[in-house]
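The values are calculated or read from the model by the stated rules, or taken from the named source; none is laboratory data. Everything quoted here is computed from the prediction, not taken from an experiment. Cβ: placed from backbone, ideal geometry, glycine included. Neighbour counts: every protein chain shown.
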Amino acid sequence: MPVRATAREFLIAQASSRRSVRRAAELVSPSSRAVRSTRRRLARTYLTGHGLEIGALHLPLSLPRGAQASYVDRMARDDLRREYPELRSYDLVDVDVIDDGETLATVRDGTVDFVVANHFIEHTEDPIGALASHARVLRPGGVLFMAVPDKRHTFDANRPVTPLEHLVRDHQHGPAGSRVQHYDEWAELVEGLSGDAAAARARELERDDFSIHFHVFTPHAFAALLTHSAEAEGLPLELETIVPVRHEFIAVLRRPDPALATTAIGRHAAAALTARRVSQMA
Ligand SMILES: C[S@@+](CC[C@H](N)C(=O)[O-])C[C@H]1O[C@@H](n2cnc3c(N)ncnc32)[C@H](O)[C@@H]1O
């Protein structure tokens, strides 16, 4: 992969087809050194063993020695190539497993040491369901590593942060009920259309099943989602850290290992530290 391409070259490549114009600035430039090095540093700290990376596309996470990944995506590499023509000058990872990353139906419970999902959760229609699937496939002690775009610093800036109640509704009643609203919001607040043009555009995207950012987050909103998922939904995921870098933040979570349960004092101190970090970022 020509990772030394400049950010400008990358944006020009991105803007070179109609479909890719919509996506301009969504895809992380491989030349964004701060993002890549922060992802790599956190991977070194937290990842080991054999895991999955969902939606690696043109930017597989650089893994430390002792960690290997199988690559999961919703389609094979040749189809991804057609879906993302703006990435034609970049290598795309070879997809090992074609599966829906929201459900991971082909992956058995408790079988992987880590799941990496960078710039993925905002594309899911049921983020709580996706977190539940990721927790399900992790072995106890396994790690979920997610880079998430901070909507304040992306083309989602004009959209309201998705309220927690909306995410809970999409989980409890199924996401179909919010689809129309999601595509309308995208046409109006990302593409800047209004009236009939916005409605026509929204229906076109919906017909294409275009993978928009269905939900948008800030670190604070994402932390609220994680707290709800653990406390109200009972998902076995504990937050290790959230680190903001440029237009994204990286959340690292762990499936607790009952055999290594920490003391009540240790858990209390860790929770207080996490709450302080999150409130500093909000
Ligand atoms: C925005 S790209 C992320 C690229 C890269 N990981 C990064 O950090 O910039 C989103 C990726 O997720 C994949 N994806 C989206 N929805 C998916 C789903 N439901 N199941 C599996 N993969 C999905 C897309 O095909 C694409 O490869």
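Descriptive notes on the structure:
- Within the stretch 35-50, the set of residues being closer than 21 Å to G101 by Cβ and away from the ligand (no atom under 14 Å from the Cβ) comprises Y46, L47, G49, H50.
- Qualifying residue in the stretch 80-94 (condition: of a type in the set (V, I, T) and buried (at least 21 other Cβ atoms within 10 Å of the Cβ)): no
- You will find that of A197, A176, the residue that is surrounded by fewer than 15 Cβ atoms within 10 Å (Cβ to Cβ) and under 11 Å from D126 (Cβ atoms) is A176 and no other.
- Listed conditions (1) under 26 Å from F210 (Cα atoms); (2) more than 9 Å from the ligand (Cβ to nearest atom); (3) of a type outside the set (A, V, I, L, M, F, W, C); (4) modelled with pLDDT of 95 or more are all met by R19, apart from (4).
- Test for L59: is it touching a helix residue (DSSP H, G or I) at 6+ places or on another chain (Cβ under 6 Å) and within 12 Å of the ligand (Cβ to nearest atom): no
- E240 vs. criteria out of contact with any Cys (no Cβ under 9 Å at 6 or more places or on another chain), at pLDDT 95 or above and either surrounded by fewer than 17 Cβ atoms within 10 Å (Cβ to Cβ) or in a loop (DSSP other than H, G, I, E, B) (or both): no
- Matching residues, the stretch 75-116, being in contact with an Asp or Glu (Cβ under 7 Å, 6 or more places away or on another chain), within 9 Å of the ligand (Cβ to nearest atom) and over 23 Å from L131 (Cα atoms): L80
- Odd one out for R136 among (1) within 14 Å of the ligand (Cβ to nearest atom); (2) surrounded by fewer than 21 Cβ atoms within 10 Å (Cβ to Cβ); (3) among the charged types (D, E, K, R): (1)
- Listed by first and then second residue, the pairs with beta-carbon distance under 8 Å, at least 6 apart or on different chains, first residue in the stretch 72-94 and free of Cβ contacts under 8 Å to residues at least 60 places away in the same chain, second acidic (D, E) and away from the ligand (no atom under 11 Å from the Cβ), are V72/D96; R77/D94.
- Restricting the first member to the stretch 39-62 and to residues that are among the basic types (K, R), and the second to residues that are within 12 Å of the ligand (Cβ to nearest atom) and in a loop (DSSP other than H, G, I, E, B), the beta-carbon pairs closer than 6 Å and six or more apart or on different chains are R39/L61; R40/S62.
- Taking the numbered list (1) surrounded by 17 or more Cβ atoms within 10 Å (Cβ to Cβ); (2) touching a Pro at 6+ places or on another chain (Cβ under 6 Å) in turn, L253 passes all entries but (2).
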